[in-house]
1. Assuming R0 = 35 Å, what is the FRET efficiency of Glu28 and Asn336, from their Cβ-Cβ distance, to the nearest 0.05?
2. What per residue convex hull volume, in Å³, do the alpha-carbon atoms of the stretch 239-316 yield?
3. I want to check the label-to-label distance for Glu216 and Thr9. Put each point 7 Å from Cα in the C-beta direction and report it in nm to one decimal.
4. Return Asp126, Asp11 ranked ascending by Cβ neighbour count within 10 Å, so the fewest neighbours appear first.
5. Please report the relative contact order for the stretch 1-325, taking Cα pairs under 8 Å with a sequence separation of at least 6, and give it as a percent rounded to a whole number.
6. So how compact is the stretch 100-207: Cα radius of gyration and Dmax in angstrom?
7. Residues of the stretch 183-223 with the amide nitrogen closer than 18 Å to a label point 7 Å from the Cα of Ser400, along Cα-to-Cβ, please.
8. Name the residue from Ile402, Val426, Gln386 whose Cα lies farthest towards the positive end of the charge dipole of the stretch 330-428, charges +1 on Cβ of Lys and Arg and -1 on Cβ of Asp and Glu.
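Computed from the coordinates by the stated procedures, all read-outs in this text should not be read as laboratory data. Note that the coordinates shown come from a computational prediction; the quantities given were computed from them, not determined experimentally. Because the Cβ atoms are built from the backbone with ideal geometry, glycine has one as well, and the counts that use them run over all protein chains shown.
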Amino acid sequence: MYWEKEIETMDRSRLEQMQLARLSETLERAKRSVYYRKRFAELGLDPGRIRTLADVANLPLTNKDDLREQWPYGFLTVSRDEIVRMHSSSGTTGRATVIYHTANDLAAWTNLLARCMYMAGMRRSDVFQNMMTYGLFTGGLGFHYGAEKLGALVIPAGSGNSKRQIQLMQDFETTVVHIIPSYALHLSTVFAEIGVDPRRDTKLRIAFLGAEPHSEKMRQKIEELYGFRAFNSYGLSEMNGPGVAFECAEQKGMHIWEDNYIVEIIDPVTLKPVPDGEEGELVMTTLLREGMPILRYRTKDLTRIIPGPCPCGRTHRRIERIKGRTDDMMILKGVNIFPIQIEKKLMEIPGVGTNFVIVLDRAGFNDQMTVKVEVKKDFFGGDLKQLEALRRQIVEELKSDILITPRVDLLEPDSLPKSEGKAQRVIDNRED
Ligand code: AMP
Ligand code: ZN
């Protein structure tokens, strides 16, 4: 049931002792980087004086701009000879951030992924098809090595080429897949197109859904379409990549591995910690990374700690599925809206198909939101009255949640651009 029982179920006081010991080693290492040496000096901070975990709050926060300014090597704490791999974030704006790993860093990351997959029920006997981009993006190689360490048969399929993906699944009797949720929805339409039923004609039993926010409704829809159990997988390249937090068999929140990270939730405005259970921005400190330790990294991801123990017996705390990023929040007529709120509502409506996009425009002083929604095939063939009723239903459902009235355009299946990587849900035309 456990990959590493002792660590996964360690009692909290021992776990915290371990964190404190690893934190002081991390701070010693961090001093060797150009960036933290300078930062500690500016703040007059002596990391040797950190005595308790609560003192973490006195350490400086690190954000993406700090990583960018030190590009390419300012965060390194070892000589370049020790580094064996780099990855970078998939961010679409500005210069990508680069993360370096020593051989030990890669071993620790690989182990975390094996731990996650084992927790969700994957075993050596499984055939694992990794449908993520191999390359600088961490979802490819990260999962790949984790699954090999677990001992499964790994198919390094990479992303895209849907028909070939389905062929691989059938030929090699794939049982476990790693897939981006928006792509899983799209792939289900390709299954339908070629007349293969993923529930009946494949051996799929587990999926890991990661890399982008998705609602509980979306998970359920994907589980229904494929007949497997889907587990939420969270990570970010700055903290290695996937393997940071993962759902156990209970599927109620993701265990975040506290032997590898110190976890804080802060108020993104005041930057003060919020109590367990309250929503805020996730902030993390690496505890085992040698080549590039990062202190109190502001992930921009919004979540909360789920209070109380998990029935699975693991003592590492759980975070709730990510609600969105602080920088994804749309402000319309003074109302704060996250794309996931729209997604959640859409997934509840039976006639809605597998893709949608939110377009923001400005007419004079007025902001307008248009939600373009693909409709299921059988609906589109139907009569106009039925379509209009669906359109109205979507407008009403969305309005009840986001409190403003969006325009809704219904589109034919497959008419919106598809993405093989993270879906782009919002097109903001308001910037002038
Ligand atoms: P990258 O470093 O390019 O892999 O992107 C990491 C970001 O992807 C995270 O900070 C999250 O915003 C997002 N992300 C990754 N996994 C998930 C997930 N399971 N749920 C929601 N967002 C996710
Ligand atoms: Zn659990």
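1. Details: r = 41 Å, r/R0 = 1.18.
So, using R0 = 35 Å, E works out to roughly 0.25.
2. On the way: hull volume 7.2 nm³, N = 78.
That works out to 92 Å³ per residue.
3. Here the modelled spin labels are 2.7 nm apart.
4. Going from sparsest to densest Cβ surroundings: Asp11, Asp126.
5. On the way: 638 pairs, mean separation 61.5, N = 325.
Relative contact order of the stretch 1-325: 19 percent.
6. Using the Cα atoms of the stretch 100-207, the pair Rg, Dmax is 14.1, 47 Å.
7. Within reach of a label on Ser400, which here means backbone N under 18 Å from a point 7 Å along Cα→Cβ, the stretch 183-223 contributes 216-218.
8. Of the candidates, Ile402 comes out farthest on the positive side.
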